[in-house]
Structure formats: structure tokens, C-alpha cells
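The values are calculated or read from the model by the stated rules, or taken from the named source; none is laboratory data. Since this is a predicted model, take the numbers as computed values, not measurements. Every residue, glycine among them, receives a Cβ derived from its backbone with ideal geometry; neighbour counts consider all protein chains shown. Only protein heavy atoms, including side chains, enter the accessible area calculation; ligands, DNA and RNA are left aside. Shrake-Rupley method; radii C 1.70, N 1.55, O 1.52, S 1.80 Å.
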Amino acid sequence: MHISVIGSGYVGTTVAACFAELGHEVTAIDIDEDVVTTLNEGKAPINEPGLEDLLANHAGDRLEATTSYDAVPESDATFLAIGTPSNTDGSIDLSALEAAAEATGEALAEKPERHLVVIKSTVTPMSIGEVLEPAVLRGANDNENIEVGMNPEFLREGSAVSDFMHPDKVVYGTRSEWATERLHEVFEPLLEQHDADIIETDPATASMIKYANNAFLASKISLVNDLGNICKEFGLDAYEVMDAVGLDDRISEQFLRSGVGWGGSCFPKDVNAIIAAAREEGYDPALLEATVEINDRQPERMLDLLEKHADLEGARIAVLGLAFKPQTDDIRNSRAIPTIESLQERGAEVVAYDPVAIDPMRERFPEIEYAGSAADALADADGTVVVTDWDEFAALDEEFDAMKNGVVVDGRRIIQRRDGIIYEGLTF
Ligand SMILES: NC(=O)C1=CN([C@@H]2O[C@H](COP(=O)(O)OP(=O)(O)OC[C@H]3O[C@@H](n4cnc5c(N)ncnc54)[C@H](O)[C@@H]3O)[C@@H](O)[C@H]2O)C=CC1
Ligand SMILES: O=C(O)[C@H]1O[C@H](OP(=O)(O)OP(=O)(O)OC[C@H]2O[C@@H](n3ccc(=O)[nH]c3=O)[C@H](O)[C@@H]2O)[C@H](O)[C@@H](O)[C@@H]1O
């Protein structure tokens, strides 16, 4: 099949490269010329394990990138993977996706054959029927050959390629048998090599499945953090407790790591978007509000623990980890951001280190000091907070001896306790 993928960010690039790997001919379309040039050179515009290999193999062959929508009508199906950020009140901002949907429709206005437009972006349940489908059809002058469907994406950053190629489930949100079959043709090469559940439903339910998935995972972590904070008050180790709890099949051992909380480009915006959408319908989602509140409190709790051991006014504090999780340079909604802001409010001088995310964080906080290594960050520090669970932090040992005052507050339970440091786990 020939597939056009609109938007070449984290999801679009991964999806385009994986579709090419699965044997499809792919045209990746983005308005950013630098992204298009990078893709055509066979390089990855984002840092994802395995992505560059796929792009190097397929760019210029099965995968081409362009800023033009001309290839849309020539393709058999079009996937839209455009960002859906938050408005200031937390509700979903559909403007970029709506513009791309309309441009996709315009490109398809004269197409005489049936064409499926698939929303890959995460959108609130009513968005397709009320905003995106009308935008496509408006652009397409109501061309009756166009159908809009939904295929939510569940990949994680840092393991995007592997997650895409090995999904637990593939959700087809469509309005017709024809659209379901078309989506199945797209995923058939993947499903031939990997066994996944297929869910056939309508677009609004497909959208809600995505929000329920993310809201569940974010709430699971916040619940674990709530329980972890209680464990800490009792002097207990939340990890020992949750290791046992996770043995219950109904709970599962995954996503039980307590600490400084969840960040990233999706959990925060998606939980807030579904809260806002629910409120608009007159429902007060009390548990999801608590999910956000508990998450917002964790960086402050970490610094309160640090302040028990060190006066932060004028103190030099090392922040280890800036990315929202390991294996990525993405700092969107990283817990490092509220941590650094609060350290500054408390009068501390911040020295930060991350293996790959210093450059993006420098744009956000140009005024703080960035170290070239964890060892450099620790040297002469009055205290350290650990924000991201990079493996290289787990290997730190004698480097702590260079600290002026060896207080380490571990927000991810990754540092080995050792003589010579005052160790505080956030929930252990
Ligand atoms: N990042 C992630 O791990 C996941 C994201 N999602 C969802 O996927 C969607 C996309 O997210 P990301 O890939 O992270 O976004 P992103 O912000 O990384 O990428 C969006 C891309 O769209 C391009 N773009 C914007 N307007 C355009 C237009 N009119 N025509 C063509 N290209 C245009 C931008 O230049 C950018 O390259 C969001 O709804 C997100 O919630 C879903 C699962 C995982
Ligand atoms: O919609 C999305 O964009 C994606 O959001 C998350 O993926 P992602 O944000 O990339 O990364 P996760 O591995 O889920 O981690 C999110 C945050 O939770 C934190 N986390 C995760 C697990 C855990 O046990 N504890 C914990 O604090 C991580 O440190 C990170 O800050 C979901 O896991 C994906 O299924 C989903 O597709």
C-alpha cells in the first residue's frame, strides 16, 4: 500500500518509518522543512532507539518526505499525527490538527476513489465528529469518497519503534466495514509477524480507549505515589510493598514505580484534556483531579526532604536527570522543570546534568549551570536530587565523595545507598 503520514514528530516519524519497514510505500508530510530534509537524508529528527536505522534503510526508497500534500490523493490511506497540545485551561487545542485535516481534505477534493483519513493523534471523543471530520469534508468540498477513522497510538517515547512493532492491541475506530478492511490492510504485515488483539469499534470509542488507557496509567502511578508517601511517613519502603502488590495478576507489576511523578508530552496533557472534556459535559472527575494533584505535589515533597538536611538558601544543588524519562531527550513536562523552578524559589543555585537533554533544557532555563558529567555536577554540591532514572546514575559511586555535603534525595530509587552520603528516598 501507499500510505501518506501527515506530521513527522515523535509519532509520525515512528509510524512512517515502521510502515516502510513493514513493506508499505510511505510519504511523510510535514510543514517543517528542516524535518523533511533530515528525513530525506535518512536521519532521525528525534532521539529514538532503532529509528535512525529504519530511516537509513528506507529513506529515498520506500520512504520519502515532503512539505507538499500532493502525494495525499495518490496514496491509499492518510494518517494524521499532528500535536494536540493543551489550551491554558487544560482543554485540548485542536487548531493545528484541524488545519492539517482541512489541508488533507483539500488535497482529496477531486479524488474519484474512496480514501480513508485516519486520525492517529490523541483527540477527545467528540472531536472527530464535531471538528475533524467536518474539517476534512470542508476541505474536500464534501467529496463523498472520503471517510474519517481513528487509530489511537499507544507507543512510549524511548521505546517507540519496538512498541509500535509489538503492540498489545490495535484499535480500528471506523464507521464502515470498508474502512475497517482498509485499516486491516495497513496493519496486516505487522499482525502477520506479531500477535495482537484487534478492537473494531467506532471513532469516538477508539478515542476514549486512548484517554482511558493514559488516565489509568497516570492514576496508577499517582496511586502508587500516594501509597509511597504514606509508606515514607511510616518509615517503610514502598518498593518492597509494591513488589508484593504487583504479584497480584489483577494489578500487574508494571507502572508501580513511585517517586517524583509522571511527566512527558502525553500523560499531563491527556489527563487534563479528558478532565476538561468531562467538566464540559457537567461531570466532575474527582479521581482524575486527585491524580494530577498528587503528581504536582511530588517535586515539592522531594525538595522538602532535601531541606530537612540542607539549608537551600545559597546552596549549590545538583539536579541529576532532565529528560521526562530515560532514553529520550524530551523534556516536555519533565519533573525536572518544577524541581528546578522550586529550587530557584527556595534560593538554591542549580547545577544540572543529563546524558542527552541538556540542550533542550538550556532553552527553558538558560540561567542555570549545566555540567558535562554527573561527576562534575556532584563536585562541591551541597545536595543532589535525582529526577530521571538513567542507568548511568545507578552506576555512580565514588563520585559522591566530591560533594561538599553528601545529601542525596532519590526521586527514582536508582542510587545505591553507600557510606559517605545521607540518602533519602522519596517513598522509601
Ligand atoms: N509522543 C508520544 O509518545 C505519543 C503521542 N501521541 C499523540 O500523537 C500526536 C502527535 O504527537 P507527537 O508526535 O508527539 O507531536 P510532535 O509535536 O512531536 O509532532 C507534530 C508534527 O506535526 C507537524 N505539523 C504541524 N502542523 C502540520 C501541518 N498542518 N501539516 C503537516 N505537518 C504539521 C509539526 O511540524 C511536527 O513535526 C498527539 O496527539 C499525541 O498526543 C500518541 C501516542 C504517543
Ligand atoms: O500517549 C502517549 O503519548 C503515551 O504516553 C505514555 O508513554 P510515555 O509518556 O512516552 O512514557 P511512559 O513510559 O508511560 O512514562 C511516562 C511518565 O511516567 C513515569 N513513570 C512511569 C512508570 C512508573 O512506574 N512510574 C513513573 O513515574 C515516567 O518516569 C515518565 O515520566 C504511555 O505509556 C503510552 O502508552 C502512550 O502512548
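A few notes on this one:
- 3J(HN,Hα) along region 140-153, derived from phi through the Karplus expression 6.51 cos²θ - 1.76 cosθ + 1.60 where θ = phi - 60°, amounts to 8, 6, 6, 4, 6, 7, 9, 10, 10, x, 9, 9, x, 10 Hz, with x in place of Gly and Pro.
- Using distinct alpha-carbon pairs, which all enter the 1/r mean, Kirkwood radius of region 120-198 in Å: 14.1 Å
- Computed over the chain, the per-residue total of -39500 (n - 2.57) for DSSP H runs of n ≥ 4 gives a 222 nm mean residue ellipticity of -12500 deg cm²/dmol, rounded to 500.
- By the equivalent-ellipsoid construction on the alpha carbon gyration tensor, region 1-70 comes out with semi-axes of 15, 14, 10 Å, ordered largest to smallest.
- Region 182-198 versus region 324-365: alpha-carbon centroid distance in Å: 39 Å
- Once the 1.4 Å probe is applied to the protein heavy atoms, region 234-309 comes out at 55 Å² accessible per residue.
- Electrostatic dipole magnitude of region 2-201 [Cβ: Lys, Arg +1; Asp, Glu -1; Cα centre; debye, to 20]: 200 debye
- Per residue, the convex hull volume that the Cα atoms of region 2-201 enclose (Å³): 113 Å³
- Scaled radius of gyration (Cα, divided by 2.2 N^0.38 Å) that region 260-365 gives: 1.21
- Inverting the pair-averaged 1/r between distinct Cα atoms of region 296-427 gives 14.1 Å as its Kirkwood hydrodynamic radius.
- When region 202-428 is reduced to its Cα atoms, the Kirkwood hydrodynamic radius in Å: 18.2 Å
- Remark: region 169-290 projects, on average over all directions, an area of 10.1 nm² (convex hull of Cα atoms).
- In Hz, Karplus ³J(HN,Hα) per residue of region 381-387 (6.51, -1.76, 1.60; θ = phi - 60°; x = Gly, Pro): 6, 8, x, 9, 10, 10, 10
- DSSP beta bridges confined to the chain are antiparallel in about 5 percent of cases.
- Computed magnitude of the charge dipole of region 202-428 (debye, nearest 20; Cβ of K, R +1, Cβ of D, E -1): 460 debye
- Over the chain, the alpha carbon radius of gyration divided by the compact-protein estimate 2.2 N^0.38 Å works out to 1.05.
- Highest-first arrangement of 54-61, 291-298, where packing means the average Cβ count within 10 Å: 291-298, 54-61
- Highest mean first, the peptides 367-380, 69-82 sorted by other C-beta atoms within 10 Å per residue fall in the order 69-82, 367-380.
- Annotation for region 10-82 versus region 259-317: alpha-carbon center distance of 35 Å.
- Interchain or long-range residues, amide H under 5 Å from G425's placed H: D410
- Taking the centroid of alpha carbons for each part, region 209-230 and region 366-380 are 32 Å apart.
- Across region 167-237, Cα-Cα distances exceeding 21 Å account for 48% of all pairs.
- Test item: Cα-centred dipole of the chain, Lys/Arg +1 and Asp/Glu -1 on Cβ, debye: 780 debye
- Listed pairs K169/K269; K43/K120; K111/K210 exceeding 26 Å between Cα atoms: K111/K210
- Heavy-atom accessible area for R182, with the other protein chains in place and a 1.4 Å probe, reaches approximately 50 Å².
- Across q = 0.24, 0.25, 0.30 Å⁻¹, region 107-162 modelled as identical point scatterers on its alpha-carbon atoms has Debye log10 I(q)/I(0) values of -0.91, -0.95, -1.20, in the order of the q list.
- Rolling a 1.4 angstrom probe over the chain with all protein chains present gives an accessible area of which 47% lies on carbon and sulfur atoms.
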